[in-house]
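Everything below concerns the one structure shown next.
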Amino acid sequence: MASLVGSRVERKEDTRFLQGKGRYTADINIANQTYAVFVRSPHARAKIKSVDTSKALKSSGVVGVLTGKEIAEDKIGGLIAGWAIRSEDGSEMKVPANPPLAKDVANFVGEPIAVVFAETLDEAKEGAEKVKVDYKVLKAVVDPADAMKSEAIHDGVDKNLCYDWLLGDRKAVDEAFSKADKIIKVDLINNRLVPNAMEPRACVVDYNIASEEITLYTTSQNPHLSRLVMSAFGNVAPENKLRVVAPDVGGGFGSKINVYNEEIVCSWASKKIERPIKWVAERTESFLTDTHGRDHITHAELAVTNDGKFLGFKNETIANLGAYARVFGTVTPTYLFGPCATGVYIIPAAYSNVKAVYTNTAPVDAYRGAGRPEATYTIERLVEKAAMELGMDKTEIRMKNFPTQFPFKQTLVHTVDSGDYVAGLEKAKQMADYAGFEARKKQSEANGKLRGIGVSSYFEACGIAPSAAVMSLGCGVGLWESAEVRFNPTGQISVFTGAHSHGQSHDTTFAQIAADELGVPMENIDVVHGDTDKGTFGMGTYGSRSLTVGGIAIVNACKKIVEKGKRVAAKMLEVNLDEVEFKNGEFVAIKSNKKKTIGEVAFACYLPGQRDEMKSPIPEGDEPGLIESSFFDPANFSFPAGSHICEVEIDPDTGNVKVEKYTAVDDFGRIVNPMIVEGQVHGGIAQGIGQALHENTQYDETGQLMTASYMDYTMPRADNFPEFNLGFTCTHATSNPLGVKGCGEAGAIASPPTVMNAVIDALGGQEISMPATAEKVWEACKAMKKSNAKAA
Amino acid sequence: MKSFNYHAPKDVKDASKLASSSSAFLAGGMTTIPSMKLGLASYKDVIDIKNIKKLSGIKVSGKSVTIGATTKHAEVAASKDVKKAIPALAKLAGNIGDAQVRNRGTIGGSISNNDPSACYPSACMALNAIIHTNKRSIDAEKFFTGMFDTALKSGELVEAVEFQIPEKADYQKHPNPASRYAIIGVFVAKHKKDVNVAVTGAKSCVYIDKDLSKKLSSNFSSSAIDGTEVKSSGMNSDMHASAEYRANLVSLYTKKAVEAC
Ligand SMILES: Cc1cc2nc3c(=O)[nH]c(=O)nc-3n(C[C@H](O)[C@H](O)[C@H](O)COP(=O)(O)OP(=O)(O)OC[C@H]3O[C@@H](n4cnc5c(N)ncnc54)[C@H](O)[C@@H]3O)c2cc1C
């Protein structure tokens, strides 16, 4: 049987998704349900003087109104920060309480204050309008650059500073800098992004009065983790009385990692009002309250020699956490950012210093790439600028500083097990026709246009696991993944995974690997995820971990199935265990060539008794049934890497930037399904181009989100992109038996600097910030014309 | 969205009778429905005018093109007659918003709403359009009275828009990257005697740039307006574009339009 791993199998899930048959949380209705509408703060920062619910309670159809007071009385816990980060001085990070319904102060526009439940959605909305909140508006802290100088917004959080974190050795860096021929400096803004999952957040809660069990259907990337957090910290229900189901979920990008206010409130309230509750976010609520991404202000320096060797690296960053620290909020700008900021280079001395501040804006958390896009942007802008200032070719300077020996001990934290950075960049150059750029530039100039080329070489640490590593870095849980393989008596197989698919095509990829391991057709395999009552446990999907951690748990569980199958088959074939071989779904007695298929063996596993001729096939010491599980905890992160090259053309009269060519060469180790991987890369690049050229989250000085709808927030669209030119190189990961590396985030990690480097190249080195909108580029073109005129 | 009474009258008279200070006509709904959903507007009565046959369709005579109020942008964009008589008008319609918007939005809704960044008002101004309502006929320059404001009185219904066929015309737009409305749009029309340069998106309401129109009237070539400064004073400045940027685009796109004629 030909191996399925490596082939472009069509996506199993497409049948339901492309025919509109997906079943999302908002599609779920429960008899007798009520509808929830949240009363949200219209102010970025305000004291809540009083909340008057009397009129709302009398409003037609209203079943109940709850506020921060009741939730505090019931001792329901708040939202949590999942990682404990220490400051350079050893002190613990400062984390304010984040109650599910704000009781005393509101800290960002959209923060929930109260909730109204009614028989219909319209009645709930009417009721919500009648909740009277008396606010004392306070001056909001909006700009992260000013946060440390502004009034503290949380009690006990001096200077609005969560932590002042250092990774690396300042002294060694100073020494390296003192030996440099040149110091390259950049000041960067990594613009805030709104994740914009296609499906807005939603939850449906059903409280069973008889069993006292709560079932929460929700738009989560990690239902088991949600249950754990809601039980351990939220105090909503004991873990065994809480079932969390995340059915089809329409995109997350990190924004659906967190357990949110609405899920906690509705779960708690369903028990209180003894009615099922349904809540579905409107798009405006998504803009205002989904966790946002990025939002860094960075000053970075690279010490170089005249011949382009890198000696040292400094990174001083202010990271905006928004109003509260959430699950990955504190680790994203530290351990997911700092270590990767030295990029794919040998840099003998480096440090990253990050000050994370609170502001009266929506909380910032992981967003596709989480920290690594910010890291790559920092180092790749520096490297490109170094090439420019030293008059070197931008690919040559990179090659010069690439490691060629693996494992490569990267300066700050990681030991990269495998890679071939030279091969990746060479291939990208070839595919992008790098050598032909000058001719294309001349052609553009003849048409009155400016043309630029940008390169970015990246690596990233993903497959977010090794529990030992993450826990030593401050993570509150271990990040292994589990799987269970149930071989049913009639031959169908259910593969349970703790990973969660919200666009990643696990139904297909995971079925491919299980089919290969078990030697059965893919059609016999059903991948089951997203329900705490079905799968054992799971940490969910983010940080490009599904395949590299969750997929391996499946492989290992399948291997256990085969091992037990062998024992049973040996008994059935009446040979010794070491005389049985498993091949293509069959157990073969090597000497006699007698065979039993894995299906026959599975069936036998469920018939342990003796009758007539039939003897029990279950060997001594084995139990009946054919179900195996595995918890996989890898030895290391996985380290995808690659080089991307982009060409842009700028119309100097309008400032319009057109992405003309985009080439991506990535090393994801062994690839299970090239078509699915290409889709992941496409999506990532699209998001990265969105960040570089289009997406512009803006708060005004009072903390109102100005870009809270698609009329003002520019989502990139198909006509903003050229056809992407994708290539792959392959070095196997050594930290897992499949040799796979994560691929979900790479596109979004590599592309923003690639595009910006091209734009800045076209502008003759003039630096502009993301997003490079038409007007900004037009201003830069004007300045360029002026300085060219002066020079002439 | 608050609940409302839905009406679907079959003729203009009934539609007009149903209208009050707390009603809205529903044409494509591309503006009305989102504003109701967002709670920015609420009406007691919503009067759907799409079933009134008379309001839809395109007629071309020797001198003019008349487009019924409920004719959709996509229909105008695809119309062979419009493409032949005033290709610039078909082009304008074909670049409004996106496919979904073009398949619902109507010309009557567009001009009655008079969004400062809508495209059609500039065509009306440059093509000396006459707006026919159930009460009277109004010249375009008197119709667009201010931001989201028109000469329409309560209960007055646009029935059709009659455009004068020019010798040449072109429409150029710099789309808002998010909404794809016009950051600015310039409609240049060369008639027998004079040239009209109508600008949308730049100010609170569509207007004729008299200076550019005059210069092009005496010499219809892009060089005629070389060096003509378009002043940014009075222009909109928002997070998508400053007044200066808009002013630059107006002169640039006027030239582009003239060159494309
Ligand atoms: C995403 C998006 C992008 C868009 N981009 C563009 C663009 O690029 N260029 C552009 O020009 N427009 C654009 N529009 C506007 C769109 O093309 C419609 O023209 C506009 O929304 C209104 O037309 P409608 O037929 O949908 O009117 P409706 O929403 O049904 O009505 C709008 C208003 O006009 C009134 N009205 C409707 N018909 C009549 C009538 N016959 N007589 C009197 N009053 C009437 C209604 O009472 C209401 O007050 C965009 C809209 C959206 C949502």
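The values are calculated or read from the model by the stated rules, or taken from the named source; none is laboratory data. These numbers come from a predicted model, not from an experiment. When we count neighbours, we look across all protein chains shown, and the Cβ atoms used for this are built from the backbone with ideal geometry, even at glycine. Quick note on the areas: whole protein, heavy atoms, side chains included, nothing else; ligands and nucleic acids left out. Shrake-Rupley method; radii C 1.70, N 1.55, O 1.52, S 1.80 Å.
Normalised by the number of residues in chain A, the mean separation of alpha-carbon contacts (under 8 Å, six or more apart) gives a relative contact order of 15 percent.
Normalising by the residue count of chain B, find the relative contact order in percent from Cα pairs under 8 Å and 6+ residues apart. Answer for chain B is 15 percent. Protein heavy-atom surface of chain B, 1.4 angstrom probe: 49% of the accessible area is carbon and sulfur, with nucleic acids and ligands not counted.
Charging the Cβ of each Asp and Glu at -1 and of each Lys and Arg at +1, and nothing else, the dipole of chain B about its Cα centre rounds to 600 debye.
Solvent-accessible area of region A:27-100 (1.4 angstrom probe, protein heavy atoms only): carbon and sulfur portion equals 50 percent. Return the calculated 222 nm mean residue ellipticity for the protein assembly as shown, to the nearest 500 deg cm²/dmol, obtained by summing -39500 (n - 2.57) across DSSP H runs with n ≥ 4 and dividing by the residue count. Calculated from helices alone, the mean residue ellipticity at 222 nm is -8000 deg cm²/dmol. Which residues, if any, in region A:759-787 lose at least 20 square angstrom of accessible heavy-atom surface (probe 1.4 Å) when the other protein chains sit next to their chain rather than the chain being alone? Buried on complex formation: A:GLU775, A:TRP778.
Here the spin labels are modelled as points 7 Å beyond Cα on the Cα-Cβ line, and at B:LYS231 and B:LYS63 they lie 3.6 nm apart. Residues of region B:228-244 that bury at least 20 Å² of accessible area once all protein chains are present, compared with their chain alone (1.4 Å probe, heavy atoms only, ligands and nucleic acids left out), are B:MET239, B:HIS240, B:SER242.
Classified by the C-alpha gyration tensor, region B:42-149 has a rounded form. Its axis ratio a/c, with a ≥ b ≥ c, is below 1.5.
The label point for A:GLU239 and the one for A:VAL137, both projected 7 Å from the Cα toward the Cβ, are 4.6 nm apart. Pairwise Cα distances in region A:480-632 exceed 18 Å for 56 percent of all pairs.
Nonpolar atom fraction for region A:480-632, defined as the carbon and sulfur part of the 1.4 Å probe accessible area, stands at 48 percent. How many square angstrom of accessible surface are buried between A and B, both sides summed, with a 1.4 Å probe and rounding to 100? The summed interface area works out to 1700 Å². Averaging Cα coordinates gives a centre for region A:484-515 and one for region B:1-59; these two points are 51 Å apart.
Ignoring lysines fewer than eight residues from A:LYS309 along the same chain, the ones with Cα atoms less than 22 angstrom from its Cα are A:LYS171, A:LYS179, A:LYS182, A:LYS185, A:LYS385, A:LYS394, A:LYS400, A:LYS409, A:LYS429.
The stretch between A:GLU151 and A:SER769, if pulled fully straight at 0.36 nm per residue, gains 219.7 nm over its current Cα-Cα span. Look at the Cα gyration tensor of chain A: its axes a ≥ b ≥ c give a/c of at least 1.5 with a/b at or below b/c, and that counts as oblate. DSSP bridge analysis restricted to chain B gives an antiparallel fraction near 85%, rounded to the nearest 5.
Beta bridges assigned by DSSP with both partners in chain A are antiparallel in approximately 80 percent of cases.
Taking every residue in B:173-185 and counting other chain Cβ atoms within 10 Å of its Cβ, the average works out to 4.
Pairs exceeding a 28 Å alpha-carbon distance, out of B:LYS53/B:LYS193; A:LYS94/A:LYS139; A:LYS55/A:LYS136; A:LYS785/B:LYS210; A:LYS776/B:LYS215; B:LYS72/B:LYS203: B:LYS53/B:LYS193; A:LYS785/B:LYS210; A:LYS776/B:LYS215.
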